[in-house]
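*Asks:* Structure provided below as structure tokens; questions to follow.
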Amino acid sequence: MRTALKNIKYRICVLKNRIYPYIHKAFFGTDTRYAWLQQSVIKSYKLFDFRRFNPARVIIYMTETTEFAGLADRFKTFVNGYILAKENNRTLHIYHDKGFRLEKYLEPNEIDWRISPSDICWGLNRVKLLWFDQFPLALKKRSKEYHGYALYADIIPTLTPDQQEKYTFSKVFNTLFRPSAHLTHLVDSAMKACQLRENQFIAVHIRFLDFFEPVEKEAKQATGTPEQQEQMIKDIHAALDHLLQESGCESILLFSDSNRFLQAPHPAYVKVLPGTVGHISRNNGSDAITDKAFTDMFVMGKARHIYRILGKHIYAGGFAQTAAKLAGKPCRDITYDSAESRP
């Protein structure tokens, strides 16, 4: 009888968590596009688990629900998690088990955020789950251990002016992390390979998604025709020429999510870091791809100025913005003059 009652309670718990995002959508208008990911996470939990409960902590996960998350979203999740924990007098822990080994690139700095899986509570009776952009600044339930999944909505603009000064992205990130010897070597080697000196070049990032070649998981072919791609390169070069003249720098370091675009012929002042670009996820996060992503992020932060090029067929990605925040620099947006938009 007791076992049957526990099973009923467990099913009620699971059902409540599964329908919660839809109820929240009806009353508050919150996006529910990630509801199926929430459902997959709930299956990892049990109804009761009293052995490893600690209500004084917030645990950030990088598990099945975050296989789509790129490096920028992961960094934002860590920073938001720290602010949530700090503002609620809790400690932050990071359990990064998918995509890559976090400590290979970033080691604990002022805070030891590491945690063993055996020290984590898996009971729905003792855990409060935080989802994506649906997380509050005030964590009210002192009897609950909070678990956060992909908290990449930018929490800093919602803070008071005093809090924003206290919790700048770079301050929080550097409180949590310091570059490992491996990451330092990657960055130094890349700078040397392209003969770059800190603050003596400008960085430009362009995210095309599937315009030059299939990049997204569902894409089968490029969305741009060969003629459109050729014209796009010409238009981007014209924008880069103008940008170089304004900057006073001698070179532009070019970043993109398209290997085909990066490998195309570019003006002599354009430099490209070695390596193959790829999206970090549980399925394709190889060492080479992860090395490249971290190298791009941290070398970009050493530029004098950081830009995103926006316009037709270009997606406003967050990679350059995150690199700028890490370095404590602004990220400027410029729109290229598309031939398709000319009269």
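*Asks:* Give the cross-link partners of Lys144 among the lysines, using a straight C-alpha distance below 30 Å as the criterion and excluding same-chain residues fewer than 8 apart.
*Replies:* Lys6, Lys9, Lys16, Lys25, Lys43, Lys46, Lys76, Lys86, Lys98, Lys128, Lys166, Lys171
*Asks:* By what distance, in whole Å, do the Cα atoms of region 145-234 stretch along each of the three principal axes, largest value first?
*Replies:* Answer, in whole Å and largest first: 51, 37, 27 Å.
*Asks:* Under the rule a/c < 1.5 gives rounded, and otherwise a/b versus b/c splits prolate from oblate, where does region 216-275 land using the Cα gyration tensor? Mind dumping the intermediate values first?
*Replies:* Numbers: a/c = 2.66, a/b = 1.71, b/c = 1.55.
It comes out prolate by the Cα gyration axes.
*Asks:* In nm, give the distance between the simple-model label positions of Ile233 and Asp97, each being 7 Å from the Cα along the Cα-to-Cβ direction.
*Replies:* 4.5
*Asks:* Please report the orientation-averaged projected area of region 85-132, defined via the convex hull of its C-alpha atoms, in nm².
*Replies:* On the way: hull surface 18.9 nm².
Mean shadow area of the hull around the Cα atoms is 4.7 nm².
*Asks:* Evaluate region 163-308: find the radius of gyration of its Cα atoms, find its Kirkwood radius, and give the ratio Rg to Rh.
*Replies:* Values: Rg = 16.6 Å, Rh = 16.8 Å.
Ratio of gyration radius to Kirkwood radius for region 163-308: 0.99.
*Asks:* Moving on. Can you give me the convex hull volume of the Cα atoms of region 42-184, divided per residue and expressed in Å³?
*Replies:* Values: hull volume 15.4 nm³, N = 143.
Cα-based convex hull of region 42-184, divided per residue, equals 108 Å³.
*Asks:* Let me ask another. Compute the length gained on full extension between Tyr315 and Lys43: take 0.36 nm times their separation in residues and subtract their Cα-Cα distance, giving the result in nm to one decimal.
*Replies:* Working: separation 272, 0.36 × 272 = 97.92 nm, distance 3.42 nm.
Result: 94.5 nm gained on full extension.
A short reminder: the numbers here are calculations on the coordinates, not readings from a lab. Since the model is a prediction, treat every value here as computed from it, not as a measurement. All Cβ positions, even for glycine, are placed from backbone atoms using ideal geometry, and neighbour counts span all protein chains on display.
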